[in-house]
1. Carbon and sulfur: what percent of the stretch 69-132's accessible surface (1.4 Å probe)?
2. If you count, for each residue, the other Cβ atoms within 10 Å and average over each peptide, how do 7-14, 63-70 line up from highest to lowest?
3. Taking every DSSP beta bridge with both residues inside the chain, roughly what % is antiparallel (nearest 5)?
4. Restricting everything to alpha-carbon atoms, can you work out Rg to Rh for the chain with a Kirkwood hydrodynamic radius?
5. Which value at 222 nm does the chain reach when only helices count, each DSSP H run of 4 or more adding -39,500 (n - 2.57), with the total divided by all residues and rounded to the nearest 500 deg cm²/dmol?
6. Among DSSP beta bridges lying fully in the stretch 1-112, give the percent that are antiparallel, nearest 5.
7. Be a star and scan the stretch 97-121 for residues whose amide nitrogen sits under 16 Å from the point 7 Å along the Cα-to-Cβ vector of THR176.
8. Once you keep just the Cα pairs under 8 angstrom separated by 6 or more residues, what percentage relative contact order results for the stretch 62-124?
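The values are calculated or read from the model by the stated rules, or taken from the named source; none is laboratory data. In this text the structure is predicted, and so the values were computed from the model without any measurement. All Cβ positions, glycine included, derive from the backbone under ideal geometry; neighbour counts span all protein chains shown. Surface areas here come from the heavy atoms of the whole protein model, side chains and all, with no ligands, DNA or RNA. Shrake-Rupley method; radii C 1.70, N 1.55, O 1.52, S 1.80 Å.
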Amino acid sequence: MADNSNNHLVAEARETFGKGAARKIRAIGKIPAVIYGHGTEPQHVTLPGHETALILRKSNQVLELDIAGKTELALVKDVQKDPVRQIIEHIDLIVIKKGEKVQVEVPVHLVGETFSGTTVDQDLHVLKLEVEATHIPENVEVNVEGLTEGSHVYAKDVVLPKGAALIDEPEALILTVYVPTGNAADEAADEAVAAAASAESAAEAAE
């Protein structure tokens, strides 16, 4: 499960909006954000840039925000970055309550090694799950140890964390195990055959 114990941030309410105001906020090392949810009016806040960026290195983070002395839990829903500099430009947050369930996309992490000579073609890199907002797993693991050519793993085959429910189609294909063609051994053999043929042609030409 994601560790949210160190995700406490002091957020400052803001009254200025628009691109110009956002630029000024980023210029002093902070990040503009909006908090939505539970039928309340959107809250416009400013978050500390460095601390927030460290937390957002992992996905699906829950932030414990201190806003004017009031504590609010919020799930990071969307992070907008500058496409070139990768600087965080804006964050969308959703208010959550303890025990509430949310739908999130969780990374699929492969563990183990498939049978010798085979490789994995991974079709699905995230799974959509419904989980408790304060117990979002960092990833789900798929063990590929010893899987042979032609093996398939589907969403329904994944062992989910306690309390999690699969939202994706159960028959969604996560990965296929196959033997690659044109590998190094095949290429070496082809080169050897070509070299032999060339040598034979050269010998015939010399006669």
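1. Numbers: 1770 of 3750 Å².
The computed percentage sits at 47.
2. Values: 7-14: 16.5, 63-70: 13.9.
Sorting 7-14, 63-70 by mean packing, highest first, produces 7-14, 63-70.
3. Working: 37 of 49 bridges.
Bridges in the chain are about 75 percent antiparallel.
4. On the way: Rg = 25.9 Å, Rh = 21.0 Å.
Rounded to two decimals, Rg/Rh equals 1.24.
5. Per the formula, -6000 deg cm²/dmol.
6. Details: 21 of 29 bridges.
Of all bridge pairs located within the stretch 1-112, approximately 70 percent are antiparallel.
7. Correct set: 118-121.
8. Numbers: 57 pairs, mean separation 13.1, N = 63.
Result for the stretch 62-124 is 21 percent.
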